[in-house]
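Student: One structure follows; several queries about it will come next.
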Ligand code: NCD
Ligand code: ZN
Ligand code: ZN
């Protein structure tokens, strides 16, 4: 539901299924305080944080302590994802039940290893028994190899090692077949493909849905708005996994948001220090961080194609549906998670104002509309824009 009120448009606060908050262990990049404040400033009421921290989120006590700490901060609500394997090192974790009991809402291999098929199948079986989702970073590591950008005419022209679309499609196809096999045996384990970036992989997900398989996917705004042409700058700011693809891929993904084959949006907020991102393209870490810009970026660039209702759905109810959560509502009397959006006022992107520790962005200086002015989480103000 969208309520048009004086001074802004009210919507349920957004839900982010994919953010790297770097706590514990890499708090020079981000921490719970900066990351959840950034999320609230972006209009998010709930954030699922990824487990590729130091140490890895594979331990119930660690999950509990993160949730407790986040609760004291009063910004966006934290719902941690746990790793599928111990230390993300390829050995299947037997204790998924304890991680769920501690508050983990998702299991994922995002950010480190390429799970072998057997480990993924075990995790899917366990997650099915627990009624949970397994999310995957779908790239075949051997095909991705040392690619630093999309493999294609631009990578060839620049002489940079490429990461082919087939790395994603091959992994998605493999994972769908594992789900198909389990589903045929009466164990329909739920698979969620994170940061899906290619037309071919989307075709595979669409086909899986037609077969009635419990497969969902998310797409990131950076894969819609940026393409491999950006790598002509040789700036590692544009280095991300999976890589920025072609304009044709970006168009195709937008089509998927329109026809429903893409389930939801997620940013894959992946902050690194400025020094790390200023390194040579071949050495710099992958990741783009822009949780504070997600709605303004989507509304300004794609609002006319998606419409407000669909865009809000993709950032509120749709991620909740992927997770099997009850959808957000604006029921009278309930403590609200809501955001007030200024859909019209144009503002220049100024990364110095970011709450995130990553105070740089590909969209610096660009003019966007749709800025959150107020975010309420559990009935409390979590963000209010100054000025
Ligand atoms: C992520 C990170 O920095 O943790 N980087 C990225 O480029 N997306 C890892 C990931 O999402 O796979
Ligand atoms: Zn990933
Ligand atoms: Zn990620």
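The values are calculated or read from the model by the stated rules, or taken from the named source; none is laboratory data. Bear in mind the structure is a predicted one, so any value in this text is a computation, not a measurement. Methodologically, a virtual Cβ is constructed for each residue, glycine included, from the backbone with ideal geometry; neighbour enumeration extends over all protein chains shown.
Student: So, in segment 125-140, exactly how many residues are part of a helix (DSSP H, G or I) and either touching a helix residue (DSSP H, G or I) at 6+ places or on another chain (Cβ under 6 Å) or within 15 Å of ligand 3 (Cβ to nearest atom) (or both)?
Tutor: 2
Student: When you go through 104, 38, 19 one by one, which is the residue that is modelled with pLDDT of 95 or more, within 17 Å of residue 319 (Cα to Cα) and within 16 Å of ligand 1 (Cβ to nearest atom)?
Tutor: Step by step, each of 104, 38, 19 is checked, and only 19 is modelled with pLDDT of 95 or more, within 17 Å of residue 319 (Cα to Cα) and within 16 Å of ligand 1 (Cβ to nearest atom).
Student: For segment 57-77, name all the residues that are closer than 21 Å to residue 133 by Cα and under 18 Å from the mean Cα position of the chain (by Cα).
Tutor: The answer is 57, 77.
Student: Which residue is surrounded by the most Cβ atoms within 10 Å (Cβ to Cβ), if the candidates are limited to segment 146-178 and must be touching a strand residue (DSSP E or B) at 6+ places or on another chain (Cβ under 7 Å) and within 24 Å of residue 125 (Cβ to Cβ)?
Tutor: 172
Student: Restricting the first residue to segment 56-71 and requiring it to be within 13 Å of residue 82 (Cα to Cα), which pairs with a second residue that is surrounded by fewer than 18 Cβ atoms within 10 Å (Cβ to Cβ) meet a Cβ separation below 6 Å and a spacing of at least six or different chains?
Tutor: Once the first residue is within 13 Å of residue 82 (Cα to Cα) and sits in segment 56-71, its partners that are surrounded by fewer than 18 Cβ atoms within 10 Å (Cβ to Cβ) give 56/87; 58/86; 60/98; 63/103; 67/103.
Student: Moving on. Name the single residue that is farthest from residue 14 (Cα to Cα) among those in segment 366-387 being in contact with a strand residue (DSSP E or B) (Cβ under 6 Å, 6 or more places away or on another chain) and exposed (fewer than 14 other Cβ atoms within 10 Å of the Cβ).
Tutor: The residue in question is 367.
Student: Among the numbered conditions (1) without any contact (Cβ under 8 Å) to a residue 40 or more places away in the chain; (2) closer than 30 Å to residue 372 by Cα; (3) assigned to a helix (DSSP H, G or I), tell me where residue 82 comes up short.
Tutor: Here residue 82 clears every test but (3).
Student: Counting only residues that are in contact with a strand residue (DSSP E or B) (Cβ under 7 Å, 6 or more places away or on another chain) and away from ligand 3 (no atom under 14 Å from the Cβ), how many does segment 85-106 have?
Tutor: The total comes to 9.
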